[in-house]
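Just below is one structure, and these are the notes that go with it.
The values are calculated or read from the model by the stated rules, or taken from the named source; none is laboratory data. From a predicted model like this one, the values you see are computed outputs, not experimental measurements. For neighbour counting, all protein chains shown are included, and Cβ atoms are generated from backbone atoms with ideal geometry for every residue, glycine included. The protein model used for the area step is the full one, side chains on, heavy atoms only, and it has no ligands, DNA or RNA in it. Shrake-Rupley method; radii C 1.70, N 1.55, O 1.52, S 1.80 Å.
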Amino acid sequence: MDRRLLSALHAYGGNPHVGALARTLSWSGEHGALWLAAGLAGAAADRGRRGAWLRATALTAGAHLASMGVKRIVRRPRPTHVAPRVRTAGRHSFPSSHAASATAAAVAYGTLGAYAVPPLAAAMCLSRLVVGVHYPTDVAAGAALGAAAAGLGARWIGAGHD
């Protein structure tokens, strides 16, 4: 089922517009860069809640790091039955670190009112399937990890005196 669903979603990348968008999203999400930049921009723009933005950014980074740790333990190889449309930083697939950081950002920044982040995070998660570098279960596990990390830290985001 995992392989068939990946194959079906990967096929959409044959459309030049979809493929280009998926590659751009994948590139911008490498090492959580897009989400960390967004959190730092939020901290710079919203001085009244700077500390909350920085804590949300820290949770996003933490989710990314946690996924990298799990990836080193599980060591699931990346899919080989589809041709990847992007280069990857590593050989291991489970969980998707892109999905972990994207979902953590969606939850964490969403608590601060950044309502545009969740749809972009969902697109980021799908992009990893369209470019063919993760199985759907990799993305689902990464998203669950990111949501859990940000959800558990939600009270911490709002803590303190900014």
Checklist line | Residue satisfying condition, being assigned to a helix (DSSP H, G or I) and farther than 18 Å from Ala150 by Cβ, within set Leu120, Leu34, Leu25 | finding: Leu25
Check: Which one of these does His81 not meet: (1) assigned to a helix (DSSP H, G or I); (2) closer than 19 Å to Pro136 by Cβ?
Finding: (1)
Next item on the list: Confirm whether Val139 is free of Cβ contacts under 8 Å to residues at least 60 places away in the same chain, farther than 15 Å from Met68 by Cα and surrounded by 24 or more Cβ atoms within 10 Å (Cβ to Cβ).
Entry: no
Notebook entry, point to check: Is it the case that the stretch 29-49 has a residue that's open to solvent by 60 Å² or more (accessible area, probe 1.4 Å) and under 10 Å from the mean Cα position of the chain (by Cα)?
Noted result: yes
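Scanning the stretch 1-56 for residues that are of a type in the set (Gly, Ala, Ser) and in contact with a Ser or Thr (Cβ under 6 Å, 6 or more places away or on another chain), which turns out farthest from Tyr135 (Cα to Cα)? Spell out how you get there, then give the answer.
Residues of the stretch 1-56 that are of a type in the set (Gly, Ala, Ser), as a first pass: 7-8, 11, 13-14, 19-20, 22, 26, 28-29, 32-33, 37-39, 41-45, 48, 51-52, 56.
Of the ones still in play, those that are also in contact with a Ser or Thr (Cβ under 6 Å, 6 or more places away or on another chain) are 22, 26, 32, 39.
Working: Ala22: 15, Ser26: 15, Gly32: 19, Gly39: 28 Å.
So the residue we want is Gly39.
So is Ala8 within 16 Å of Gly142 (Cβ to Cβ), small (Gly, Ala, Ser) and open to solvent by 50 Å² or more (accessible area, probe 1.4 Å) or not?
no
Take the conditions farther than 29 Å from Ala154 by Cβ, exposed (fewer than 14 other Cβ atoms within 10 Å of the Cβ) and free of Cβ contacts under 8 Å to residues at least 60 places away in the same chain and apply them to His17. Does it pass? I'd like the intermediate steps shown before the answer.
Numbers: farther than 29 Å from Ala154 by Cβ: yes; exposed (fewer than 14 other Cβ atoms within 10 Å of the Cβ): yes; free of Cβ contacts under 8 Å to residues at least 60 places away in the same chain: yes.
Answer is yes for this residue.
Here is a yes/no grid of residues against (1) surrounded by 20 or more Cβ atoms within 10 Å (Cβ to Cβ); (2) hydrophobic (A, V, I, L, M, F, W, C):
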residue	(1), (2)
Ser93	yes, no
Thr103	yes, no
Val131	yes, yes
Trp156	no, yes
Notebook entry, point to check: Any idea which residue in the stretch 78-89 is farthest from Ala33 (Cα to Cα), counting only those that are under 19 Å from the mean Cα position of the chain (by Cα) and touching a residue at least 12 places away in the same chain (Cβ under 8 Å)?
Noted result: Pro79
Notebook entry, point to check: Name the pairs whose Cβ atoms lie under 6 Å apart, with the first residue in the stretch 60-77 and open to solvent by less than 30 Å² (accessible area, probe 1.4 Å), the second assigned to a loop (DSSP other than H, G, I, E, B) and at pLDDT 95 or above, and 6 or more positions between them or separate chains?
Noted result: Ser67/Pro95
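Determine whether Arg23 is open to solvent by 30 Å² or more (accessible area, probe 1.4 Å), in contact (Cβ under 8 Å) with a residue 60 or more places away in the chain and over 17 Å from Asp138 (Cα atoms). Can you show your working first?
Values: open to solvent by 30 Å² or more (accessible area, probe 1.4 Å): yes; in contact (Cβ under 8 Å) with a residue 60 or more places away in the chain: yes; over 17 Å from Asp138 (Cα atoms): yes.
Yes: the conditions hold for Arg23.
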Next item on the list: Could you check how many residues of the stretch 136-162 are modelled with pLDDT of 95 or more and in contact with a Phe, Trp or Tyr (Cβ under 9 Å, 6 or more places away or on another chain)?
Entry: 4
